[in-house]
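The values are calculated or read from the model by the stated rules, or taken from the named source; none is laboratory data. Since this is a predicted model, take the numbers as computed values, not measurements. Note that each Cβ is placed from the backbone with ideal geometry, even for glycine, and that neighbours are counted across all protein chains shown. Note: areas computed on protein heavy atoms with side chains; ligands, DNA, RNA excluded. Shrake-Rupley method; radii C 1.70, N 1.55, O 1.52, S 1.80 Å.
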Amino acid sequence: MSAGSNGKHKVLNGSRPKLSVWKFSSCDGCQLSLLDCEDELLEVTEAVEIAYFLEATSATAKGPYDLTLVEGSISTPHDAERIHEIRRVSKTLVSIGACATTGGIQALRNFAALGDLVTAVYANPEYISTLRTSTAIADHVHVDFELQGCPISKAQLLEVVSALLAGRRPNVQSHSVCVECKGAGIPCVMVSHGTPCLGPVTAAGCGALCPLYARGCFGCFGPKEQANTEALAAQWRALGANDPQLLRAFRGITGNAPAFRREATLHE
């Protein structure tokens, strides 16, 4: 983790700042990215008091919290109430991961008849209490920073935590996966063997994992800034893709993100 100008992490309120981590509708993968920091995690625990993080410990402390990380989408009435409670006791709130920033893979239900899905999945649908949609945290409360990814990059997470503790804005890249491919010397899968890829419109952070293995990007980190989805769709068509393939591609893990959602509607 980076340090402030005095070589130490910024201390709030005369003591270690309180960190809380909360889960909503998700798979826990982004919380595990924090636990996966291993050696760096020791430095995190020295810099902050982990006041609430049920994935890591049952010990909890009440807010207010200086920094709150929220994983998962808002999918139930209880979620919708709880996120407002968390926002009220959090000085800085960061949504982490595709579910928290776009609604996640569960947002596929936003484009279908919810009643049909509940009936098909659950033996006793009358016991299910859910919202019609799965939506991002920012659709319900003010979010100070969004960290994309499915799962998030632990390097980016450490940068965000470190930056916010030091009182500066996080330095998280806004370029596309294509830049990561270029930097790593990975041949473009669309140019080299005609494989459709969402890399040109997807935010970097994964290390170009799929193209590294000669597979097209699936858009796990969501759309980059000013993503030109129309131009990419035209290129996919030139490679032989049809509307169902384009719809499936843009309506995936981060399909509820505005840029991908708009493009998908053009191919329904």
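Hey, can you tell me all the residues within region 162-180 that are among the β-branched types (Val, Ile, Thr), open to solvent by 10 Å² or more (accessible area, probe 1.4 Å) and assigned to a helix (DSSP H, G or I)? First the steps, then the outcome.
Restricting attention to region 162-180, the residues satisfying the condition of being among the β-branched types (Val, Ile, Thr) are 172, 177, 179.
With the extra rule that they be open to solvent by 10 Å² or more (accessible area, probe 1.4 Å), the set shrinks to 172, 179.
Across region 162-180, the qualifying residue is only VAL179.
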- So how many residues does region 16-45 have that are in a helix (DSSP H, G or I), open to solvent by less than 60 Å² (accessible area, probe 1.4 Å) and in contact (Cβ under 8 Å) with a residue 12 or more places away in the chain? 7
- Task: Kindly establish whether THR195 is open to solvent by 20 Å² or more (accessible area, probe 1.4 Å), of a type in the set (Ser, Thr, Tyr) and not in a helix (DSSP H, G or I).
- Result: yes
- Conditions (1) touching a strand residue (DSSP E or B) at 6+ places or on another chain (Cβ under 8 Å); (2) assigned to a helix (DSSP H, G or I): number failed by CYS206: (2)
- Go through region 212-231 residue by residue and tally those that are without any contact (Cβ under 8 Å) to a residue 60 or more places away in the chain, closer than 21 Å to ILE105 by Cβ and open to solvent by less than 60 Å² (accessible area, probe 1.4 Å). 7
- Task: Could you pull out the residue among THR102, THR68, THR135, THR92 that is surrounded by fewer than 19 Cβ atoms within 10 Å (Cβ to Cβ) and not acidic (Asp, Glu)?
- Result: THR92
- Message: I'm trying to understand the selection: among the residues of region 116-132, which are open to solvent by less than 80 Å² (accessible area, probe 1.4 Å), out of contact with any helix residue (DSSP H, G or I) (no Cβ under 6 Å at 6 or more places or on another chain) and farther than 16 Å from ASP79 by Cβ?
- Response: ASN124
